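Here is the structure we will look at.
The values are calculated or read from the model by the stated rules, or taken from the named source; none is laboratory data. Fair warning: this is a prediction, and the values are worked out from it, not measured in the lab. A quick note on method: Cβ atoms are made from the backbone with ideal geometry, for glycine too, and the neighbour counts reach across all protein chains shown. What goes into the accessible areas is simple: the full protein's heavy atoms, side chains included, and nothing from ligands, DNA or RNA. Shrake-Rupley method; radii C 1.70, N 1.55, O 1.52, S 1.80 Å.
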Amino acid sequence: MKSYPKIIDRIIEIIREHKTFCIVGHVRPDGDCIGSELGLALALINEGKKVTVWNEDAVPQKLKFLDPDGLFQIPKRGQKFDCVIATDCASFQRLGKAGDCIANRKMFINIDHHESNTRYADVNWVSAREASTGELIFRLLKVARWPITRLIADNLFTAVSTDTGSFQYPTTRPGTFHTGAELVTRGANLAKICDEVYQSYPLSRAKLLKHVYSTFRLTHGDQIAYFWLKKADFTRTGAVADDSEGLIDHIREIEPVVVACLFEELNPDLTRISLRSKTDKVNVNEIAAQFGGGGHKAAAGARIPGKPLAVQRQVLTAVKKALDAMK
């Protein structure tokens, strides 16, 4: 096996020394978060460990097929663990309620690929070179020589595929394809994953997408596209928060657009923003950081307090500044 970061040996050593584990991930989990958590959890269970899997929010409907045994639970206070492992989570705050329930532990490990990761655990394996956390979990399992079952392969392939936009984002490297190929060789069911994740959207999401196409705005010479999702939009369409996943890509794909912005009303004085960039000259991670958020160069987000229009003005001003600096 080719060389690998020595921190992997340290993580394997810690896992071998302990018996009870809690795997946690970020609020509003996506495919990489769910797939990484479950892929690791299933591997540890196969090694005879006692494993709890926690997330503040439920598994999105389209990813439920990854958890046939119902391993995901709602975080509960008062539990004790030998070791807690956070996957795909850039900061402790992003763990939400799960973070409040993991204080009673001996060791804390953080495995992530976000450039903005704050290295909040005892042991931090953060590799922004990888396009997904799923790739890191795959490397860990391979170095440890733990069996990669079909269900683990399904979880890790979903993690890699969803976080690379089906291997389309510029973060995708040759190694990403090698990981995908190995996972398919080990039994990842490509047809089932593609059907569940990409071809089984609820009608409510289609109604939300119709709203996006009807209401998005262009500014700054059509280089910025942005749209709002208000609580009323979810109520009217019957959509849930998970249904908004990936909507921003539809306006990002418009030819002159360089940066796409989604403003989502969480409450009247708190807005969640998502940013996507189509050029390496505009780093949206840096823009999100101005508002206390983070992520990657091409995809980032934040939660911003304040009146909706004030938030919109501040964010669009920051994006325009970044675009002007490109010239």
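Each Lys and Arg adds +1 at its Cβ and each Asp and Glu adds -1 at its Cβ; summed about the Cα centre, the chain shows a dipole of about 420 debye. Taking the centroid of alpha carbons for each part, segment 129-179 and segment 215-275 are 28 Å apart.
Taking a ≥ b ≥ c as the square roots of the eigenvalues of the Cα gyration tensor, segment 46-87 is oblate, since a/c reaches 1.5 or more and a/b is not larger than b/c.
Over all orientations, the chain has a Cα convex hull whose mean projected area works out to 16.4 square nanometres.
Scalar couplings 3J(HN,Hα) for segment 30-43, obtained by applying the Karplus form with A = 6.51, B = -1.76, C = 1.60 to θ = phi - 60°, are 9, x, 5, 5, 4, x, 5, 4, 6, x, 5, 4, 4, 5 Hz; x denotes Gly and Pro. Just G294, G35, G187 to compare: in a GNM of the chain, with alpha carbon springs under 10 Å, which one fluctuates most? The residue that fluctuates most here is G187. Paramagnetic label reach from Q93 (point 7 Å along Cα→Cβ; backbone nitrogen cut-off under 11 Å): within segment 288-307, residues 289-294, 302-305. Coupling constants for segment 82-96 follow from the phi torsions by the Karplus curve (6.51 cos²θ - 1.76 cosθ + 1.60, θ = phi - 60°), and in residue order they are 5, 8, 10, 10, 9, 10, 6, 10, 6, 8, 4, 4, 5, 6, x Hz; glycine and proline get x. Heavy-atom surface analysis with a 1.4 Å probe gives segment 67-190 a carbon and sulfur content of 49 percent of its accessible area.
Distance from the Cα centroid of segment 281-297 to that of segment 12-39 is 26 Å (rounded to whole angstrom). In loop segments of segment 217-292 as defined by DSSP, the GluC sites (Glu not before Pro) with at most 15 further C-beta atoms inside 10 Å of their C-beta are E253. Accessible surface of L270, taken over heavy atoms with a 1.4 Å probe and every protein chain present, rounds to 50 Å².
Per residue, how many Å² of accessible area does the chain show with a 1.4 Å probe?
On the way: 14910 Å² over 327 residues.
Solvent-accessible surface per residue comes out at 46 Å².
Legend: residue pairs K97/K231; K62/K142; K192/K297; K19/K142, Cα-Cα distance threshold 25 Å; pairs beyond threshold, K62/K142; K192/K297. Using only the C-alpha atoms, the convex hull of segment 229-327 corresponds to 94 Å³ per residue. Largest GNM mean-square fluctuation across I12, I273, I224, computed for the chain with C-alpha springs under 10 Å, falls on I12.
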